[in-house]
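J.: Shown below is the structure under consideration.
The values are calculated or read from the model by the stated rules, or taken from the named source; none is laboratory data. The shown structure was predicted, so the numbers you read here are calculated from the model rather than taken from an experiment. FYI the Cβ positions are ideal-geometry reconstructions off the backbone, even for glycines, and counts take in every protein chain you see. In case anyone asks, the SASA skips ligands and DNA or RNA and just uses the protein heavy atoms, side chains included. Shrake-Rupley method; radii C 1.70, N 1.55, O 1.52, S 1.80 Å.
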Amino acid sequence: MKVDVLLGLQWGDEGKGKVVDVLTPKYDVITRFQGGPNAGHTLEFNNIKHVLHTIPSGIFRENKVNVIGNGVVLDPGIFKKEIDSIEKLGIDLTKNLYISRKAHLILPTHRLLDAASEAAKGKSKIGSTLKGIGPTYRDKIGRDGLRVGDILENFEEKYQQRVAAHKEILTRMYDYDYAEQLAEFEKEWFAGIEVLKKFQMINSESLINNAIKNGQSVIAEGAQGTLLDIDFGSYPFVTSSNTVCAGACTGLGIAPTKIGSVLGIFKAYCTRVGMGPFPTELEDEVGQKLRDAGNEYGSTTGRPRRCGWLDLVALKYSIMINGVTELIMMKADVLDDFDTIKVCTSYNIDGESTTEFPFELKDTLKPECIELPGWKTDLTKITDEKDFPEALKSYIKFIEDETGVPVSIVSVGPNRAQTIEITEK
Ligand code: GDP
Ligand code: IMO
Ligand code: MG
């Protein structure tokens, strides 16, 4: 068996959580391979709306194994809150949630360093979720990090050593007054460490590889999106992990030869939260209409998401980097009420038209768009592709022809049930 990877092709929030929940019945093992509580993955079913941050989106289905892989960074305080809110629904997670001992810990001081760094950057800030992601991965790569497995031995000493180093930076480099916030964060953080100890901390690379060997099916759930990848995203306005398909290999300990299907998920338009370039952004009433129709407000921070038309230059780039084998189009219903829909097919850079994703997305870059007819139909009640309006069929066909990759699922609402498999080709 191979591992299927589901990942975002845009700037995150494509609807990964919803689709992983929908697809989970097909899989035995559901894993997260990178990122941390900067992610907010929303699931809706049986009148429940749930946002997951660190825990894989397979958690609400019975008899599934969920794994937080080594590539993830975990904040015990936030983890405890997640566990508490799921346990309130009567679900005991200690039996079907496993955590890699090699996953790195986000310390309270990492969150403070994130805040201090963003404040110091002023106008050029990244727009981080302030969950401590950057400073934690920095410590990991700098070989200074603490891992989940470390909490079992001499932890207090290791923790204090690291925190002392962070305090030095906070004071000397940022002149940051941390005392009050640190005390507050530490309280929930240490309570979280006790909760963490109730879980099965394992060598998850062995669990996953054994599962593959034993014929079990595995899905890897990405966080963020390709355009936020540390290597291939719109650097420096990115997150600090490899969100792309290769990240599943390093973040789970699986060989590239073990990757099966790569499910690339995108919105029928585009959004971005945080700072950084966004070629097709609409800062007008059309953008506001997308925001309203799509309820585009961050699942983790509540910030309004920036909205714009679908960007095929960026989408094709993401498909190339990830080796996407199937496309999943989300939030088609958000375009229900548009007479026409624009799609960016090339960029104009300094008077020259190009379909190549450039080194830098400069402010002077102008998206070149074509206009397609809207479907002016309520998609949210449709349950079969046969009932799709012709204009939606043409929209899908256009994307397939441009990218060369088939669309296998179209989502027409936030609920589990509003998911349509495409079988006719
Ligand atoms: P993720 O981070 O990729 O899991 O995505 P988020 O959960 O942050 O954001 C997606 C948002 O869109 C959530 O509020 C979902 O409930 C919602 N959503 C998902 N699919 C659809 C869809 O097809 N139509 C609409 N209208 N909303 C959707
Ligand atoms: P999901 O998994 C959308 C953005 C932040 C910021 C940049 C860096 O829900 O799709 P960080 O906190 O990682 O240092 O922030 O990345 N960002 C996301 N945007 N969805 C996410 O996750 C995101 N995680 C981080 O807004 O611009
Ligand atoms: Mg999200």
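J.: Of all residues in region 20-35, which are closer than 17 Å to Ser411 by Cβ and surrounded by fewer than 24 Cβ atoms within 10 Å (Cβ to Cβ)? Before you say what the answer is, go through the steps one by one.
T.: Let us first name the residues in region 20-35 that are closer than 17 Å to Ser411 by Cβ, namely 20-26.
Within region 20-35, Val22, Leu23, Thr24, Pro25, Lys26 qualify.
J.: Could you go through region 253-267 and let me know if any residue there is in contact with an Asp or Glu (Cβ under 7 Å, 6 or more places away or on another chain), open to solvent by 10 Å² or more (accessible area, probe 1.4 Å) and more than 28 Å from Lys213 (Cβ to Cβ).
T.: The answer is no, given that none of the residues of region 253-267 is in contact with an Asp or Glu (Cβ under 7 Å, 6 or more places away or on another chain), open to solvent by 10 Å² or more (accessible area, probe 1.4 Å) and more than 28 Å from Lys213 (Cβ to Cβ).
J.: Going through region 383-420 one residue at a time, which ones are open to solvent by 80 Å² or more (accessible area, probe 1.4 Å) and within 22 Å of the chain's Cα centre (by Cα)?
T.: Matches in region 383-420: none.
J.: Being open to solvent by 40 Å² or more (accessible area, probe 1.4 Å) and either assigned to a loop (DSSP other than H, G, I, E, B) or touching a residue at least 40 places away in the same chain (Cβ under 8 Å) (or both) is the filter here, so list the residues in region 242-252 that pass it. Give the steps one after another, and end with the answer.
T.: Of all residues in region 242-252, those open to solvent by 40 Å² or more (accessible area, probe 1.4 Å) come to 242, 246, 250.
Hits for region 242-252 are Asn242, Thr250.
J.: Additional query: Being within 11 Å of ligand 2 (Cβ to nearest atom), among the polar types (S, T, N, Q) and open to solvent by less than 30 Å² (accessible area, probe 1.4 Å) narrows it down to one residue among Asn66, Asn38; which is it? Before you say what the answer is, go through the steps one by one.
T.: On the way: Asn66 fails: within 11 Å of ligand 2 (Cβ to nearest atom).
Answer to the selection: Asn38.
J.: Further, regarding this structure: Taking region 383-425 on its own, how many of its residues are within 16 Å of ligand 1 (Cβ to nearest atom), among the small types (Gly, Ala, Ser) and more than 15 Å from Glu326 (Cα to Cα)?
T.: 2
J.: Ok, one more. From Asn38, Asn66, grab the single residue that is more than 15 Å from ligand 1 (Cβ to nearest atom) and either over 23 Å from Ile420 (Cα atoms) or assigned to a strand (DSSP E or B) (or both).
T.: Working: Asn38 fails: more than 15 Å from ligand 1 (Cβ to nearest atom).
Answer to the check: Asn66.
J.: Mind listing just one residue for me: the one in region 69-102 that is among the β-branched types (Val, Ile, Thr) and part of a strand (DSSP E or B) and, of those, nearest to ligand 2 (Cβ to nearest atom)?
T.: First, pick out the residues of region 69-102 that are among the β-branched types (Val, Ile, Thr): 72-73, 78, 83, 86, 91, 94, 99.
Now narrow it down to the ones that are part of a strand (DSSP E or B): 72-73, 99.
Working: Val72: 11, Val73: 10, Ile99: 18 Å.
Going through the qualifying residues, I end up with Val73.
J.: Can you tell me how many residues in region 214-236 are open to solvent by 10 Å² or more (accessible area, probe 1.4 Å), away from ligand 2 (no atom under 13 Å from the Cβ) and over 20 Å from Pro358 (Cβ atoms)?
T.: Within region 214-236, residues that are open to solvent by 10 Å² or more (accessible area, probe 1.4 Å), away from ligand 2 (no atom under 13 Å from the Cβ) and over 20 Å from Pro358 (Cβ atoms) number 4.
J.: Taking region 277-317, which residues are charged (D, E, K, R), within 16 Å of ligand 1 (Cβ to nearest atom), in a loop (DSSP other than H, G, I, E, B) and open to solvent by 10 Å² or more (accessible area, probe 1.4 Å)?
T.: Going residue by residue through region 277-317, those that are charged (D, E, K, R) are 281, 283-285, 289, 291-292, 296, 303, 305-306, 311, 316.
After this cut, where a residue has to be within 16 Å of ligand 1 (Cβ to nearest atom) as well, the list is 289, 291-292, 296, 303, 305-306.
Next, from what is left, pick out any that are in a loop (DSSP other than H, G, I, E, B): 296, 303, 305.
If the condition is that a residue be charged (D, E, K, R), within 16 Å of ligand 1 (Cβ to nearest atom), in a loop (DSSP other than H, G, I, E, B) and open to solvent by 10 Å² or more (accessible area, probe 1.4 Å), then Arg303, Arg305 are the ones that fit.
J.: Hey, another quick one. If you check Thr239 against the conditions, is it more than 24 Å from Ser408 (Cα to Cα), crowded, with 24+ Cβ neighbours inside 10 Å and in contact with a Leu (Cβ under 9 Å, 6 or more places away or on another chain)?
T.: Numbers: more than 24 Å from Ser408 (Cα to Cα): yes; crowded, with 24+ Cβ neighbours inside 10 Å: yes; in contact with a Leu (Cβ under 9 Å, 6 or more places away or on another chain): yes.
Spelling it out, Thr239 is indeed more than 24 Å from Ser408 (Cα to Cα), crowded, with 24+ Cβ neighbours inside 10 Å and in contact with a Leu (Cβ under 9 Å, 6 or more places away or on another chain).
J.: Next up: Given (1) open to solvent by less than 40 Å² (accessible area, probe 1.4 Å); (2) touching a residue at least 24 places away in the same chain (Cβ under 8 Å); (3) closer than 30 Å to Gly274 by Cα, identify the lone condition not met by Arg138.
T.: (1)
J.: Given (1) within 15 Å of ligand 1 (Cβ to nearest atom); (2) in a strand (DSSP E or B); (3) surrounded by fewer than 16 Cβ atoms within 10 Å (Cβ to Cβ), identify the lone condition not met by Thr380.
T.: The failed condition is (2).
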